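The values are calculated or read from the model by the stated rules, or taken from the named source; none is laboratory data. Quick caveat, the model's predicted, so the values are computed rather than measured. Glycine gets a Cβ as well: all are built from the backbone with ideal geometry, and neighbour counts include every protein chain shown. The accessibility values were calculated without ligands, DNA or RNA, using every heavy atom of the protein model including side chains. Shrake-Rupley method; radii C 1.70, N 1.55, O 1.52, S 1.80 Å.
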Amino acid sequence: MMNNLTQHQQSVPLEDREAKNGHSAAVLWFSGLSGSGKSTLAMAVQKVLFEAGFQVTVLDGDNVRHGLNAGLGFAESDRNENLRRVAEASKLIAEAGMIVLSSFISPLAKNRQLARKIVEPLNFFEIYVSVTLDTAEQRDPKGLYKKARAGEIKDFTGIDSPFEEPDHADLVIVNDSQSVQEGVQQIITFLKEKRIIS
Ligand SMILES: Nc1ncnc2c1ncn2[C@@H]1O[C@H](COP(=O)(O)OP(=O)(O)OP(=O)(O)O)[C@@H](O)[C@H]1O
Ligand SMILES: [Mg+2]
């Protein structure tokens, strides 16, 4: 089957899209424990970038599990497949010239490595939203830690499923006690340093 497929060159090169948009395309891959603040940060950064005229979108764990990845569960093989697909989706959107803010726990080093491998040579930056398990568990806005502790949810990251702390992150947001606004500012500064936006 695969042998009968022919790949077509894009008729509009990415550089032309970037020149028209006035910024580079990129994937910002937010990883971190449930409750660390990935979605909150991604949504807040999106708003700032959008209002400044940049082409930006958010891909979020909970949302894609209702659509693109409906049918996948939380066993390790399904979680790996979930992340592989969203990395491919992030790449497709970045190829269209956008800044993609992808918010997924991505608990294993190999998940984050695979995402990077899929997206590169397009710009890929791993942003580790770091909080202690204590902080995440105290926030628990969805009540998931409580359920996991009670044994009502199995394979919950940080409780009975591992979270391998990123040691190759391009940016670490220490999000235990700083405001959302401070995190947003760190990310905007980072994007300027990397010349994704100016
Ligand atoms: N900097 C912050 N300071 C205090 N509370 C925060 C901060 N950032 C986010 N929060 C709060 O923490 C909770 C979890 O945030 P959020 O939903 O963004 O986490 P998440 O990493 O996306 O989790 P999940 O993986 O479950 O989707 C929310 O109630 C949010 O309002
Ligand atoms: Mg979230």
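Numerical summary
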{"quantity": "First in the range 176-198 and within 19 Å of Val100 (Cα to Cα), second anywhere and of a type in the set (Phe, Trp, Tyr) and outside any loop (DSSP other than H, G, I, E, B), Cβ under 9 Å, 6 or more apart", "calculated": "Phe190/Phe125; Leu191/Phe125; Lys194/Phe125; Ile196/Phe125; Ile196/Phe190"}
{"quantity": "Boolean, Arg112 is open to solvent by less than 40 Å² (accessible area, probe 1.4 Å), of a type outside the set (Gly, Ala, Ser), away from ligand 2 (no atom under 16 Å from the Cβ) and in a helix (DSSP H, G or I)", "calculated": "yes"}
{"quantity": "Search result, residues across the range 41-58 that are within 12 Å of ligand 1 (Cβ to nearest atom) and either more than 12 Å from the chain's Cα centre (by Cα) or open to solvent by less than 80 Å² (accessible area, probe 1.4 Å) (or both)", "calculated": "Leu41, Ala42, Ala44, Val45, Val58"}
{"quantity": "Subset of the range 61-94 that is part of a helix (DSSP H, G or I) and of a type in the set (A, V, I, L, M, F, W, C) - its residue that is farthest from Lys38 (Cα to Cα)", "calculated": "Leu92"}
{"quantity": "Conditions (1) under 12 Å from the mean Cα position of the chain (by Cα); (2) more than 20 Å from Val180 (Cβ to Cβ); (3) more than 13 Å from ligand 1 (Cβ to nearest atom): number failed by Ala25", "calculated": "(1)"}
